Amino acid sequence: MRQAAEDPPKRGRERPGPGHGAWFLVLPALIPILVLSVGPLLYGILLAFTDAQSGRTEPTRWIGALNFRDLLQDTLFWESFRIGLVWAVGVTVPQFLLALGLALLLNERLRLRRLARALAIVPWAMPEVVVGIMWRLVYSPDAGILNETLRDVGLGDGRDWLSGLATALPAVIVVGVWAGMPQTTVALLAGLQNTPRELHEAAALDGAGAWRRFRTVTWPALRPIALAITALNFIWNFNAFALVYVLTSGGPGGRTRLPMLFAYEEAFRYGQFGYAAAMGCVMVALISILLAVFLVGRLKGGDDA
């Protein structure tokens, strides 16, 4: 028997796998996330279990879940949370429906289509503070364009839309829909352009009408994008701050006081940093649960379909 068959083959020097060097490529992007996102998040969670306040000479003490216990009994916070849900749903749903219609329109072969697409994203390019100031002028009770138009057509003498208890939240929701619709339009338009036209042409040859083509061809292609952008819009809208702060500052009578505004006032107006941090933890937990239920339900519905 040959020696080569008896001796085990000599193993060369092992080379490190491809995963060893991948960490060095990820680190430049990972470090800012850890420093700017994960770090403040962990610090905020720790702060929620303390009695941290501004202007105190005594050291901050660990108080356990006392802030959360007080929060459960705070009716003002839960009212702001209810207003936040109404605001988030009231903005997200019309935002998606109007953006879907606009994306379908901009996907057609129309004249000046490129100009229309450019104009459609103008609100997205404007800072929220500028949008808030502009819409305050629109809603102005004395010289606002909305009230002037209503007077011209004989529909009353106008009203103070942002100061009325019944009109403040609907007026702010309209601004939120207008300001956030372009980003949803862009996402849906990108999905429409990735849908092969051959599928639409084949469905048309089979005698399918516009609604049937949308239901059987367009919507299945858009569904993953629609699910993702709806979830993101809900999170962004629930966490809105600057737009509502510029428009109403949470008034009148707290009718537009979103949870972020409430937490801001507790932290920077009243100096209750620990209590405000507990609010943030509760909001993150509750919104995560709501989104998980929504996404699981939608994904199961898609699998059943």
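The values are calculated or read from the model by the stated rules, or taken from the named source; none is laboratory data. Predicted model only: the values in this text are computed from it and were never measured. Virtual Cβ from ideal backbone geometry, glycine too; neighbours counted across all protein chains shown. The accessibility values were calculated without ligands, DNA or RNA, using every heavy atom of the protein model including side chains. Shrake-Rupley method; radii C 1.70, N 1.55, O 1.52, S 1.80 Å.
Ranked highest first by the average count of other Cβ atoms within 10 Å around their residues, in what order do 136-147, 289-300 fall?
Result, highest mean first: 136-147, 289-300.
Compactness ratio for the stretch 161-286: Cα radius of gyration over 2.2 N^0.38 Å (N = residue count) comes to 1.50.
Give me the net charge for the shell around ALA242: Cβ to Cβ below 14 angstrom, other residues only, Lys and Arg +1, Asp and Glu -1. Residues close to ALA242 contribute a combined charge of 0. The packing ranking, built from the mean of other Cβ atoms within 10 Å per residue, places the peptides 276-287, 208-219 in the order 276-287, 208-219, highest first.
Charge tally around LEU76: other residues with Cβ under 12 Å, Lys/Arg +1 each, Asp/Glu -1 each, net -3. When all protein chains stay in place and ligands, DNA and RNA are ignored, the 1.4 Å accessible-area order of PHE234, PHE262, largest first, is PHE234, PHE262. The share of accessible area on the chain that comes from carbon and sulfur is 65 percent, using a 1.4 angstrom probe. Inter-label distance, TRP178 to GLU201: 4.2 nm, where each label sits 7 Å from its Cα along the C-beta direction. With all protein chains kept in place, the per residue accessible area of the chain amounts to 63 square angstrom at a probe of 1.4 angstrom.
Couplings for the stretch 281-291, taken from phi via the Karplus curve 6.51 cos²θ - 1.76 cosθ + 1.60 with θ = phi - 60°, read 5, 5, 5, 4, 5, 5, 5, 4, 5, 4, 5 Hz in order; Gly and Pro are left as x. For THR50, nonlocal amide neighbours, meaning residues 5 or more places apart or on other chains whose placed amide H falls under 5 Å from its own, are ILE63.
Considering the zone a paramagnetic label at VAL284 would reach in this model (a point 7 Å from Cα along the Cα-to-Cβ line), which residues of the stretch 198-237 have amide N under 20 Å from it? Of the residues in the stretch 198-237, 231-237 have backbone N under 20 Å from the label point off VAL284.
In this view, the solvent-accessible surface of PHE81, computed with a 1.4 Å probe and all protein chains in place, comes to about 20 Å². Were the residues from LEU110 through TRP236 laid out at 0.36 nm apart, the gain over their Cα-Cα distance would be 42.1 nm.
Secondary-structure-derived ellipticity at 222 nm for the chain, considering helices only, amounts to -21000 deg cm²/dmol, per-run term -39500 (n - 2.57) for DSSP H runs with n ≥ 4. Just so you know, the Rg over Rh for the stretch 33-301 is 1.05, from Cα atoms, with Rh as the Kirkwood radius. Extension gain, ALA210 to PHE24, is 61.8 nm, computed as 0.36 nm per intervening residue step minus the present C-alpha separation. Once the chain from ALA292 to ALA190 is taken as fully extended at 0.36 nm per residue, the excess over their C-alpha distance is 34.2 nm. Highest average first, the peptides 115-126, 182-193 ordered by how many other beta carbon atoms sit within 10 Å of their residues are 182-193, 115-126.
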